[in-house]
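Only the coordinates and a few stated rules stand behind these numbers; no lab work does. Worth saying up front: this structure is predicted, and the values here are computed from it rather than measured. All Cβ positions, glycine included, derive from the backbone under ideal geometry; neighbour counts span all protein chains shown.
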Amino acid sequence: DVKVTQSSRYLVKRTGEKVFLECVQDMDHENMFWYRQDPGLGLRLIYFSYDVKMKEKGDIPEGYSVSREKKERFSLILESASTNQTSMYLCASSRGTSGRAAEQYFGPGTRLTVT
Amino acid sequence: AQSVTQLDSQVPVFEEAPVELRCNYSSSVSVYLFWYVQYPNQGLQLLLKYLSGSTLVKGINGFEAEFNKSQTSFHLRKPSVHISDTAEYFCAVTLSGGYQKVTFGTGTKLQVIP
């Protein structure tokens, strides 16, 4: 079974802090994704990566950056956390990007609160 | 670009009653369609997917969905729901061929009433 783990389930940070969210997958998947989930808005793609050291902006990249130094690990960075970044953050991975390979496997999520 | 619409944000249904969760997509080219379920305080997991072939797709936990190209719909159904089906359900679409982004709907919360 594919397993996607996220470093924290719950996180509380102060405004202005630098925040790191870590995601690790154990199935040698090429692609990894970061989403944020807000009530009534569904999942919105922040960034994705299709290879080590490669990254692409998603729909809402402002205020975020990412790092993928190893294939299994994809980090989301909030350079200076703000209250409007309070949200549930979901990491996902997929083997490919077409057909059945596009199926995404999700981690349990990190609920981040910025005060 | 593709888009997904889940018109019902919440669907209450009594236990053992049937349920249909609606999903419509827009795309001018071939698509792949997915339904994911999210139980409280968990990530999303795949319920079922349509890639090609039979338009009736069966998934886990007794759910099924029908791909209707003329109606651009992929509605999720279950003939008899259980309390444990209480969760949020997301429809997702991606285009066939090459690298394509997956677009998720806004989700439908299914509340099963005992």
## Note on the structure
Using the Kirkwood radius over Cα pairs of the range A:1-69, the Stokes-Einstein translational diffusion coefficient at 37 °C and 0.692 mPa s, in µm²/s and rounded to a whole number, is 243 µm²/s
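Scale the Cα Rg of chain A by the rule-of-thumb value 2.2 N^0.38 Å and send over the ratio, two decimals.
1.00
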## Note on the structure
For B:27-36, A:15-24, ranked highest to lowest by mean beta-carbon neighbours within 10 Å, the order is B:27-36, A:15-24
### Query
If you take the beta carbon distance between A:SER8 and A:ASP51 as r and set R0 to 25 Å, what does 1/(1 + (r/R0)^6) give as a FRET efficiency, to the nearest 0.05?
0.45
### Query
Over chain B, what is the mean sequence separation of C-alpha contacts under 8 Å (at least six apart), divided by residue count, expressed as relative contact order in percent?
37 percent
### Amide H contacts under 5 Å for A:GLY58, placed H, 5+ residues apart
A:TYR47, A:PHE48
### Query
Which whole-number percent is the relative contact order of chain A (Cα, under 8 Å, 6+ apart)?
36 percent
### Query
Between the DSSP loop rule and a limit of at most 15 other Cβ atoms within 10 Å, which GluC sites (Glu not before Pro) in the range B:1-102 are left?
B:GLU15, B:GLU16
### Message
Please compute the volume of the convex hull spanned by the alpha-carbon atoms of the protein assembly as shown and report it per residue in Å³.
### Response
119 Å³
### Query
Taking only the alpha carbons of the range A:75-115, what extent do you get along each of the three principal axes, in Å, biggest first?
41, 19, 14
## Note on the structure
Per 5 angstrom bin, beginning at 0 and ending with the bin that holds the maximum distance, the Cα pairs of the range B:41-114 fall in percents of 3, 13, 22, 26, 19, 10, 4, 1, 0, 0
### Query
Under the definition of partner shielding as Cβ atoms of other protein chains within 10 Å of a residue Cβ, what is the mean value for peptide B:43-49?
5
